[in-house]
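The values are calculated or read from the model by the stated rules, or taken from the named source; none is laboratory data. All values derive from a computational prediction rather than experimental measurement. So basically every Cβ, Gly included, is an ideal-geometry build from the backbone, and we count neighbours across all protein chains shown. Side chains included, ligands, DNA and RNA excluded: accessible areas come from the protein's heavy atoms. Shrake-Rupley method; radii C 1.70, N 1.55, O 1.52, S 1.80 Å.
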Amino acid sequence: MSTQFSSEQLDRLKLAMAKLKETVEPEETEQQSVTVEEEERILAKGTYLKVDEDEMAAWLYLAPPEPDMDYKKQDLIDYLASKGVIEGLHQSNLSAMIKKKVYDREILVARGREVQDGANGFFEYLFKPEEYGAPKIREDGSVDYTNINALPNVKAGQKVAVYHQAIQSVDGCTVLGNVIPGKLYHDLPPMRGKGIRREDEFYYAQMDGKIEVKDGKIDIQNVHEISGDVDMIIGKVEFFGDIIIYGNVEEGVVIRAGRNIEIHGSTSLANLYAGGDIILSRGIQGGNRSKVTARGNVFADFIEHTTVEAGGTVQANVFMNSNIYSKDKVIATGKKGSIIGGYVDAVKGVEAVCAGNTAELKTVIHCGYEAQTHERMLEIRRKETDIKAKIAELVDTMTEALREKRMRGAQTSESTEKRLLDWDKLKDQYFVELDKVENERTQLEETVERSRGAEIKIDGNLYRGVVICINAEQLMIERNTCYMKYNAEKGVIEGSVIIHN
């Protein structure tokens, strides 16, 4: 059954609906107005938020609520969000502000997240290569060479290194939600070396031997060890790697090592040759017949009546009546630190506590280049000039002969052909000789350059009769003195007092 309205009824219905709309809409508007007012009154007037300049912290100053109001934690969170603070909220502080009614002071309510640094990948060595060449100082000030562990050893299968992979940094974030990117870290390529094998992140020794690190690579070499003494019955010890002798080395013994020599006992009247370093824990008494030669350094408790030649530093507590030649430095260490008698020569300088003695035993200390070095360099330069002149003259002669040969063609005499062959051979000989001369000149110039700034430092007693030599100059000490340093300026040796602070 359908209901039909007349036109008059429809008009009355429309009028009633319009009146109803007018009464309902104002009430909704009023309700909305109250809601906005309540939002504004969530936090009382005077409340403010302060964000640090770097956006890493936010501080809330909360004014007391009006009598008919109570704050809730969510009110504070909403307020912070309205100001853009959305990260690192300090929940305990927010709770405490509500519970303990903390008003009228700035409270930390948000803290940004700092970047968490990572690390590049690195190798961890499971041995101590840094202990190499580090003798201990005794209580009396002298240096104990018996504790040097110059040759750390490993066994086959022993774990020698582990690789730690790179750890990437964790990005930071400000309280306003802005990301702070962290640094990118990198991994290293697998380690290369001799005598090692790799399993995942671990490295193992493949053989028994000496282990060291060279340019970031592990190197394991075989070591020849002798537990007892070495005497004339053994006579000679030769090994391409390292040699360790735990006993004494007696008269007449010859030891040759491709790498290093380490002797824990005493050494007397022996000859030692090493492609690396030599360490004599209890020194050497050479009886003026021993020679110690090393391409590297020489360390000894004492050196007496022995000739030493080293490509590196020579260091001992006492040098007595010995001839010492070093391409680096000679250092008399420890409380005694004495050079008594003999001849000491070091390209880069000499350091000692005491030089000479009261008996005025002849002691010569030299640093820098020797007089014959400078003379030889002048001589070799003249020789180089002469050879170049001979080559130039010979080339001119050959050029003229070749021009004549081209003009004569087939009519060139056999004597001319023979002379050309002889001249060509002579030219080759001149160039070979020139190469040798130039190499020697270069080595001499390098020696002179290495000696630049060399000085002699005696940090204690310097006795009368000691001869101080620097480069080609020399100075006789006329009276006892102490705490002196000597260097050469413009061909003159100058001394100055060492001042201790």
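Taking residues in the stretch 449-478 that are closer than 14 Å to Thr373 by Cβ, and partners anywhere that are hydroxyl-bearing (Ser, Thr, Tyr), the pairs with Cβ atoms closer than 8 Å and at least 6 places apart or on different chains are Ser451/Tyr369; Ile470/Tyr486; Asn471/Tyr369; Asn471/Ser451; Ala472/Tyr369. In the stretch 48-63 there is no residue that is at positive phi, surrounded by fewer than 19 Cβ atoms within 10 Å (Cβ to Cβ) and modelled with pLDDT under 95. Only residues that are over 21 Å from Lys210 (Cα atoms) and either among the basic types (Lys, Arg) or touching a Leu at 6+ places or on another chain (Cβ under 6 Å) (or both) were counted in the stretch 227-250, giving 1. If you take the residues of the stretch 340-351 that are under 21 Å from Asp277 (Cβ atoms) and not in a loop (DSSP other than H, G, I, E, B), which of them is most open to solvent (accessible area, probe 1.4 Å)? This residue is Glu351.
Among residues belonging to the stretch 311-331 that are of a type in the set (A, V, I, L, M, F, W, C) and under 17 Å from Ser281 (Cα atoms), point out the one that is most open to solvent (accessible area, probe 1.4 Å).
If we filter the stretch 311-331 for residues that are of a type in the set (A, V, I, L, M, F, W, C), which is where we start, we get 314, 316, 318-320, 324, 330-331.
Keeping just the survivors that are under 17 Å from Ser281 (Cα atoms) gives 314, 316, 318-320, 331.
Working: Val314: 0, Ala316: 0, Val318: 27, Phe319: 3, Met320: 51, Ile331: 36 Å².
Residue satisfying both the conditions and the ranking: Met320.
Are any of the residues in the stretch 356-374 over 24 Å from Gly491 (Cα atoms), at pLDDT 90 or above and buried (at least 22 other Cβ atoms within 10 Å of the Cβ)? Yes, that holds for at least one residue. Filtering the stretch 410-457 to residues that are small (Gly, Ala, Ser) and either modelled with pLDDT of 85 or more or under 30 Å from Val497 (Cβ atoms) (or both) leaves Ser451, Gly453, Ala454. Condition check for Val102 on (1) open to solvent by less than 30 Å² (accessible area, probe 1.4 Å); (2) modelled with pLDDT of 75 or more; (3) in contact with a strand residue (DSSP E or B) (Cβ under 9 Å, 6 or more places away or on another chain): one failure, at (3). Per the conditions (1) more than 28 Å from the chain's Cα centre (by Cα); (2) within 30 Å of Glu114 (Cα to Cα); (3) open to solvent by 90 Å² or more (accessible area, probe 1.4 Å), the sole criterion not satisfied by Glu251 is (2).
For (1) in a loop (DSSP other than H, G, I, E, B); (2) acidic (Asp, Glu), each residue gets a yes or a no:
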site	(1), (2)
Ser415	no, no
Asp428	no, yes
Thr442	no, no
Arg452	yes, no
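For the stretch 380-390, the criterion of being in contact with a Gly (Cβ under 9 Å, 6 or more places away or on another chain) and within 30 Å of Asn323 (Cβ to Cβ) is satisfied by no residue at all. With the structure loaded, tell me whether Glu309 is at pLDDT 95 or above, part of a strand (DSSP E or B) and not aliphatic (A, V, I, L, M) or whether it fails that test. Considered against the rule, which asks whether it is at pLDDT 95 or above, part of a strand (DSSP E or B) and not aliphatic (A, V, I, L, M), Glu309 comes out as yes.
If only residues of the stretch 120-138 that are at pLDDT 75 or above and surrounded by fewer than 12 Cβ atoms within 10 Å (Cβ to Cβ) are counted, the one that is nearest to Ile278 (Cα to Cα) is Lys128. The lone criterion from (1) among the small types (Gly, Ala, Ser); (2) open to solvent by less than 60 Å² (accessible area, probe 1.4 Å); (3) free of Cβ contacts under 8 Å to residues at least 12 places away in the same chain left unmet by Ser92 is number (2).
I'd like to check something: does the stretch 363-371 contain any residue that is part of a helix (DSSP H, G or I), aliphatic (A, V, I, L, M) and within 26 Å of Phe431 (Cα to Cα)? Step through it out loud before you land on a result.
Filtering the stretch 363-371 for residues part of a helix (DSSP H, G or I) gives 371.
Next cut, aliphatic (A, V, I, L, M) only: 371.
Still in the list and also within 26 Å of Phe431 (Cα to Cα): none.
No: the stretch 363-371 contains no residue that is part of a helix (DSSP H, G or I), aliphatic (A, V, I, L, M) and within 26 Å of Phe431 (Cα to Cα).
With a requirement of 1 or more residues that are surrounded by 18 or more Cβ atoms within 10 Å (Cβ to Cβ) and β-branched (Val, Ile, Thr), the strands (runs of 3 or more DSSP E) lying completely within the stretch 196-245 that satisfy it span 196-199, 209-214, 217-221, 223-226, 236-239, 242-245. Here the condition is being among the aliphatic types (A, V, I, L, M) and closer than 28 Å to Gly356 by Cβ; of Leu426, Leu444, Leu462, Leu434, it holds for Leu462 alone.
Looking at (1) free of Cβ contacts under 8 Å to residues at least 60 places away in the same chain; (2) open to solvent by 40 Å² or more (accessible area, probe 1.4 Å); (3) within 30 Å of Gly491 (Cβ to Cβ), which is the only condition Glu393 fails? Unmet for Glu393, out of (1) free of Cβ contacts under 8 Å to residues at least 60 places away in the same chain; (2) open to solvent by 40 Å² or more (accessible area, probe 1.4 Å); (3) within 30 Å of Gly491 (Cβ to Cβ): (3).
In this structure, is Gly334 touching a residue at least 60 places away in the same chain (Cβ under 8 Å) and open to solvent by less than 60 Å² (accessible area, probe 1.4 Å)? Spell out the reasoning first.
On the way: touching a residue at least 60 places away in the same chain (Cβ under 8 Å): yes; open to solvent by less than 60 Å² (accessible area, probe 1.4 Å): yes.
Judged against the criteria, Gly334 is a match.
Filtering the stretch 295-310 to residues that are open to solvent by 40 Å² or more (accessible area, probe 1.4 Å), farther than 21 Å from Gly258 by Cα and charged (D, E, K, R) leaves only Glu304. Quick check: anything in the stretch 365-386 farther than 30 Å from Asp345 by Cβ and in contact (Cβ under 8 Å) with a residue 40 or more places away in the chain? No, the stretch 365-386 has no match at all.
Considering only the stretch 337-359, state which residues are on the phi < 0 side of the Ramachandran plot, in contact (Cβ under 8 Å) with a residue 12 or more places away in the chain and of a type in the set (Gly, Ala, Ser).
To start, the set of residues in the stretch 337-359 that are on the phi < 0 side of the Ramachandran plot comprises 338-340, 343-348, 350-355, 357-359.
Add one more test, that the residue is in contact (Cβ under 8 Å) with a residue 12 or more places away in the chain, and what stays is 338-340, 343-348, 350-355, 357-358.
Passing the criteria: Ser338, Ala346, Ala352, Ala355.
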